[in-house]
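The values are calculated or read from the model by the stated rules, or taken from the named source; none is laboratory data. Predicted model only: the values in this text are computed from it and were never measured. Ideal geometry is used to build each Cβ from the backbone, glycine not excepted, and the neighbour counts take in all protein chains shown. All accessible areas refer to the heavy atoms of the entire protein, side chains included, with ligands and DNA or RNA removed. Shrake-Rupley method; radii C 1.70, N 1.55, O 1.52, S 1.80 Å.
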Amino acid sequence: MRAVVRRNKQLVCDEIGELTPAQGQVLVKTLACGICGSDLHALTHMEHMIELGRRGGGGDNGFDPSADTVFGHEFCAEVLEFGPGTTRALKAGARVVSIPVTLTPAGGVEALGFSNRLPGGFAERMVLSEALLLEVPNGLPTDQAALTEPFAVGAHAVAKARLDANSVALVVGCGPVGLAVIASLKAAGHGPVIAADFSPRRRAAAERLGADIVVDPAKESPHDRWEALGVPKQRAAQSMMRMMGKTFGRPVVFECVGAPGVLQTLIESAPAGAQIVVAGVCMETDRIEPSIAITKEVELTFVFGYTPEEFAGTLRHIAEGVIDVSGLVTGAVGLEGVAQAFTDLGDPEAHVKILVQPGLTPQIG
């Protein structure tokens with residue numbers, strides 16, 4: 001079958017071996033798979049990513065980052081056939097999504113998109129675990145179902161935030177992660193939500209997903225909005241409000257950029273007592289000055305991935321329209337167009353999200 005293979009830090013459309021589902025597994029046809037920011041980074045920096053993951057306690061499943069890998073972990077697929085020991089609760093032809101891991105008969109776990117043994121969604125077919133499949137509700141378009149995985153990341157970040165009923169939230173960076181955070185904040189009923197990004201296209205997407213205030217940091221600092229929204233920035237002013245019997249919600253900042261220097265800037269600029277939820281993945285060594293964070297009693301919370309419950313809840317929210325992801329997919333390519341799509345995604349004005357649809361004639365609208 002055909003797949004896009006990362007080989008020698010290049011993307012090559014090639015033939016790979018056919019798949020046979022093992023115990024508890026299901027063979028599926030890839031219908032659509034999103035290109036994630038982590039895919040873009042892994043193309044040239046996979047070895048560094050894996051080393052950092054291992055240093056962070058991510059374990060070692062024998063993955064060789066220098067060997068052939070088929071990316072793709074944001075997918076919607078169609079059930080084709082069942083392996084031994086499956087319940088066949090779903091019928092062939094059912095559309096499904098899944099947390100991007102496949103359980104092996106030996107008790108191991110293959111992380112799809114970061115595996116040498118099993119391909120991810122940039123292949124015509126995949127092998128998934130029946131126990132992890134979630135059927136896509138009737139009527140939900142495939143391209144929207146494929147956004148379940150990236151939007152579950154936002155749900156997890158919001159779940160880790162210590163938001164009060166009257167909290168003000170600031171989302172810095174409105175790429176896919178930031179947009180997912182905005183959507184999850186609004187789905188949970190939080191607001192006001194400030195969204196900040198230099199890109200007009202991303203700011204428009206943030207507004208469409210429900211951001212109450214959208215700021216271009218080139219023209220004004222989003223931190224200039226705290227006071228007008230009832231959140232004093234200085235500890236002295238906050239103490240005075242409390243002594244007068246007044247209250248204000250905890251300020252929460254979501255860092256969704258993942259670039260060196262951003263975290264330090266937020267520590268300096270955020271209100272005293274703010275929680276900074278770090279959802280952007282910075283792959284480089286960064287520098288912060290803890291003394292400033294200590295003086296302001298800033299709380300740093302680092303988040304990663306999502307729980308199975310958050311994944312399932314995200315699919316439900318998308319299907320029910322609580323999270324409206326229509327219009328976020330701005331391009332689709334066949335396998336032959338994936339390499340160019342990686343290049344195009346380097347321009348935030350060109351696209352919000354590109355889906356890989358195996359067999360589709362390469363085109364980006």
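Scanning the stretch 319-329 for residues that are open to solvent by 20 Å² or more (accessible area, probe 1.4 Å) and touching a residue at least 24 places away in the same chain (Cβ under 8 Å) yields ALA319, VAL322, ASP324, SER326, GLY327, VAL329.
Within the stretch 242-268, restricting attention to residues that are under 17 Å from VAL193 (Cβ atoms) and either at pLDDT below 95 or not hydrophobic (A, V, I, L, M, F, W, C) (or both), the residue that is most open to solvent (accessible area, probe 1.4 Å) is ARG250.
It is to be established whether one or more residues within the stretch 191-198 are open to solvent by less than 50 Å² (accessible area, probe 1.4 Å), part of a helix (DSSP H, G or I) and within 18 Å of HIS351 (Cβ to Cβ).
No: the stretch 191-198 contains no residue that is open to solvent by less than 50 Å² (accessible area, probe 1.4 Å), part of a helix (DSSP H, G or I) and within 18 Å of HIS351 (Cβ to Cβ).
Report, by residue number, each residue of the stretch 321-363 that is assigned to a helix (DSSP H, G or I) and either over 18 Å from the mean Cα position of the chain (by Cα) or among the aliphatic types (A, V, I, L, M) (or both). Across the stretch 321-363, the qualifying residues are LEU335, GLU336, GLY337, VAL338, ALA339, GLN340, ALA341, THR343, ASP344.
Select from the stretch 128-149 the residues that are surrounded by fewer than 24 Cβ atoms within 10 Å (Cβ to Cβ) and closer than 23 Å to GLY53 by Cβ and list them in ascending order. Passing the criteria: SER129, LEU132.
Filter the stretch 290-310 down to the residues that are assigned to a helix (DSSP H, G or I) and touching a residue at least 40 places away in the same chain (Cβ under 8 Å), then identify the one that is surrounded by the most Cβ atoms within 10 Å (Cβ to Cβ). Selected residue: GLU310. Filtering GLY57, GLY85 for residues that are free of Cβ contacts under 8 Å to residues at least 24 places away in the same chain, surrounded by fewer than 13 Cβ atoms within 10 Å (Cβ to Cβ), at positive phi and in a loop (DSSP other than H, G, I, E, B) leaves a single hit, GLY57.
One residue alone among LEU80, LEU27 is modelled with pLDDT of 95 or more, among the hydrophobic types (A, V, I, L, M, F, W, C) and open to solvent by 20 Å² or more (accessible area, probe 1.4 Å), and that residue is LEU80. Residues that are touching a residue at least 40 places away in the same chain (Cβ under 8 Å) and not in a loop (DSSP other than H, G, I, E, B) are absent from the stretch 279-288.
Annotation note: Cβ proximity below 6 Å between a residue of the stretch 149-171 that is under 21 Å from VAL136 (Cα atoms) and a residue that is assigned to a strand (DSSP E or B) (sequence gap 6+ or interchain) occurs for GLU149/GLU74; PRO150/GLU74.
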